[in-house]
Amino acid sequence: MKFLKKYLVKIIIFVVFVSWVSMILIDYFKAKDMKKPFICLSESTKNIYNGEYYECKSLGYIYYEFTKEDGTTDFGFRAIFASNPIDKEYGNE
């Protein structure tokens with residue numbers, strides 16, 4: 001019975017991990033098409049650097065869009081602990 005419990009716990013951990021990695025991959029490819037992530041835990045929109053910055057935080061990663069005054073949009077997908085490339089571009093890092 002003890003062996004069965006260990007085996008069951010390992011299977012549950014594996015399923016959770018595979019689900020999380022699958023969600024990251026799905027959201028990554030959605031971000032490449034400039035679509036919002038599947039799960040968004042917190043959203044924020046603010047006006048910075050003469051443009052609008054949208055950020056969506058999810059489980060370990062962030063999707064962001066930066067729309068400049070001229071209408072062009074930069075977007076990306078990064079780890080939650082990585083620095084913001086928009087701040088780097090405008091010299092505030």
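Only residues that are more than 20 Å from F38 (Cβ to Cβ) and open to solvent by less than 60 Å² (accessible area, probe 1.4 Å) were counted in segment 69-81, giving 3.
Rundown of residues vs (1) farther than 20 Å from Y90 by Cβ; (2) open to solvent by 50 Å² or more (accessible area, probe 1.4 Å), yes/no style:
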{"position": "W20", "(1), (2)": "yes, yes"}
{"position": "D27", "(1), (2)": "yes, no"}
{"position": "L41", "(1), (2)": "yes, yes"}
{"position": "G51", "(1), (2)": "no, no"}
{"position": "C56", "(1), (2)": "yes, no"}
{"position": "I62", "(1), (2)": "no, no"}
{"position": "E65", "(1), (2)": "no, no"}
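The values are calculated or read from the model by the stated rules, or taken from the named source; none is laboratory data. Every value quoted in this text rests on a predicted model; they were computed, and no experiment measured them. Don't worry about glycine lacking a Cβ; one is built from the backbone with ideal geometry, like all the others, and counts go over all protein chains shown. Quick note on the areas: whole protein, heavy atoms, side chains included, nothing else; ligands and nucleic acids left out. Shrake-Rupley method; radii C 1.70, N 1.55, O 1.52, S 1.80 Å.
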